[in-house]
Amino acid sequence: MKIVHVVGARPNFMKLAPVARALAKHAGVTQKIVHTGQHYDEAMSESFFRDLGIAEPDLNLEVGSASHAVQTARIMERFEPVVVQERPDWVVVYGDVNSTVAAALVCSKLGTRLCHVEAGLRSGDRTMPEEINRLVTDRLADLLLTPSMDGDDNLLREGVDPSRIQFVGNVMVDTLLHALPAAQASGFRAQLGLDIDGYALVTLHRPSNVDAPERLHRICRALGEIATHMPVVFPMHPRTSSRLTERDRQSLAGVKLLDPTPYHATLDLTSGARVVITDSGGLQEETTALGVPCLTLRDNTERPITVTQGTNQLVLDLSALRDLAVTSRRREKAAPPQGWDGRAGERVASALLNGVGNRG
Ligand code: UD1
């Protein structure tokens, strides 16, 4: 059986790692990794492959940054000949980024079987580019593997044939559990002089927060105020750094700004934080898995299980952010959601090998 994995952006890499590892245990499975090149900086891409022990991509499509239409179209143009030449039994796509939907469109036109890992998540917010990517990818996929049962409910409500849906649990939690000892041994947090349970970790990159100058400025002011109560560390996505004005930087004067951090460093910072302030999907899940309080600067989430069964809280009113952050406390860790057990990658491998979702 030949499997082609398509990844392109930072959050894809943590999802690929446990699936590739589980498939590698099966004799007779050939795997190829296609990197679209959506993310290309060392800090956004190669460092993740290194930390996660993923094999070098077999092919990099080098599409780089561009508008959504151009980026998606470039991936389609460059990925189509790869599928024609490789003739894989399955193409596996991950998450909700532009690389995911572009590869899905190519496969569906060529009649190549498509498996979507992290299917079924819905924010209900079509102003998010990721929501469009989720809807289209799930419409086209032959095998839809969900990380939480709400994903199954969403897909059934949309009329997806139940035989194509399979609950596998959360592959990102596999990666987290696998990497936690190495991350905590990295010494990254300690080198920054941060004490366990003594600081806030911030990540922000969603257009809804960083592309709106007034909102970004209000967030920066609130972070500056939080920094008068405890250290605040903020590894910054390139989209965010490119949007910061002089006024924003002044508000952040007391905040420790970093370049984007590799996987182990980020996990070390996350696992030691008193509170995480973020708009990332992945961090909402990672904080739930670790039992670290998370304040999400969004009006909605496609990961409601992190609110109902985890540590996540949506911050709908920015004026409440400072108080919510300074009063956050780590609590006893609750039982993780079903299937967030470190074995999701194995269940993905079984689903692919058993051929659930085969075209009739
Ligand atoms: C993408 C994903 C988002 C994911 C995020 C994680 C989509 C629609 N969005 O958003 O879901 O949460 O990745 O990072 O696919 N840039 C660099 N170096 C890089 C990559 C990007 O400098 O290696 C800069 C470029 O200026 C680029 C901007 O960041 O224009 C945005 O990158 P892009 O891939 O378009 O979207 P993200 O905001 O990263």
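Annotations for the structure displayed:
- Between T308 and D197, the modelled labels are 3.0 nm apart [label points 7 Å from Cα along Cα→Cβ].
- Residues in the range 4-27 reached by a label modelled at E42 [backbone nitrogen below 16 Å; 7 Å Cα→Cβ]: none
- Take every Cα pair under 8 Å whose residues are at least 6 apart in sequence, average their separation, divide by the length of the chain, and the relative contact order is 18 percent.
- In the chain, the longest principal axis of the Cα atoms and the axis of helix 129-140 are about 20 degrees apart.
- With contributions of -39500 (n - 2.57) from each DSSP H run of at least four residues, the per-residue ellipticity at 222 nm computed over the chain stands at -13500 deg cm²/dmol.
- Longest site-free stretch - the chain; sites: GluC sites (Glu not before Pro), DSSP loop, at most 16 other Cβ within 10 Å: 159-331
- Helix 263-272 axis versus longest C-alpha principal axis of the chain: approximately 50°, rounded to the nearest ten.
- Area of D58 that stays accessible when all protein chains are in place (1.4 Å probe, Å², to 10): 90
- 1.4 Å probe accessible area per residue over the range 128-239, in Å²: 39
- In degrees, nearest ten, helix 281-290 long axis to first principal axis of the chain (Cα): 70
- When the residues H39, H178, H217 are ordered by accessible surface, computed with a 1.4 Å probe over the protein chains alone, the sequence from largest down reads H178, H39, H217.
- The figure for R221 is an accessible area of roughly 120 square angstrom, using a 1.4 Å probe on the protein chains alone.
- Computed over the range 119-161: relative contact order in percent, which uses C-alpha pairs under 8 Å that are six or more apart: 50
- Here the chain exposes an accessible surface that is 50 percent carbon and sulfur, computed with a 1.4 Å probe and the other protein chains kept in place.
The values are calculated or read from the model by the stated rules, or taken from the named source; none is laboratory data. If you're wondering where the values come from, they're calculated on a predicted model, not measured in any experiment. Note: ideal-geometry Cβ built from the backbone for every residue, glycine included; neighbour counts use all protein chains shown. Areas reflect the complete protein model, heavy atoms only, side chains present, ligands, DNA and RNA absent. Shrake-Rupley method; radii C 1.70, N 1.55, O 1.52, S 1.80 Å.
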